[in-house]
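Engineer: Take this structure first; my questions come after.
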Amino acid sequence: MGIASQSGAMGNSVAQASHLGVPVCHMLTSGNSCDVDVADYVAYLAEDDTAASSVCLFEGMAEPQRLIEAGKLAEANGKPLIVCKIASSAAGADSALSHTGVLAGSQAHTRRRFGA
């Protein structure tokens, strides 16, 4: 399993599943996404032979359509992708803004905008 996470702490939390026998091939974090973001990492994992599946944890993105396209690439390559939108509450959005500098929206807004 490959992990693409905006938050290093959350990515490390998921990577701890390796102690339970879940094989983790990559743990990639993008932080404030100044040069790469989780969409880049999901696309990379979709093409990587060592990643049979991926999990993506993100707070917010400037171009969320890129994540949808990376997800389609994973699907086309037969690789399951689990996406977890974190920081969706008001307190979580405040935390995300101070942590990674992104504006994180609510789950309801994400569903309305992207049909998730």
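The values are calculated or read from the model by the stated rules, or taken from the named source; none is laboratory data. Since we're looking at a predicted model, the values are computed, not measured. Protein only, heavy atoms only, side chains kept; ligands, DNA and RNA dropped before computing areas. Shrake-Rupley method; radii C 1.70, N 1.55, O 1.52, S 1.80 Å.
Engineer: With a ≥ b ≥ c taken as the square roots of the eigenvalues of the C-alpha gyration tensor of the stretch 1-70, please select rounded if a/c is under 1.5 and otherwise prolate if a/b is larger than b/c or oblate if it is not? The partial results should precede the final answer.
Structural biologist: Numbers: a/c = 2.39, a/b = 1.41, b/c = 1.70.
Oblate, since a/c reaches 1.5 and b/c is not below a/b.
Engineer: Also, quick follow-up: Give me the 1.4 Å probe accessible area per residue for the stretch 23-85, excluding ligands and nucleic acids, in Å². Write out the running numbers ahead of the final one.
Structural biologist: On the way: 3320 Å² over 63 residues.
Per-residue value: 53 Å².
Engineer: Just how much of Lys79 is accessible, in Å², when a 1.4 Å probe is used and the result is rounded to the nearest 10?
Structural biologist: Probe radius 1.4 Å; accessible area of Lys79 about 30 Å².
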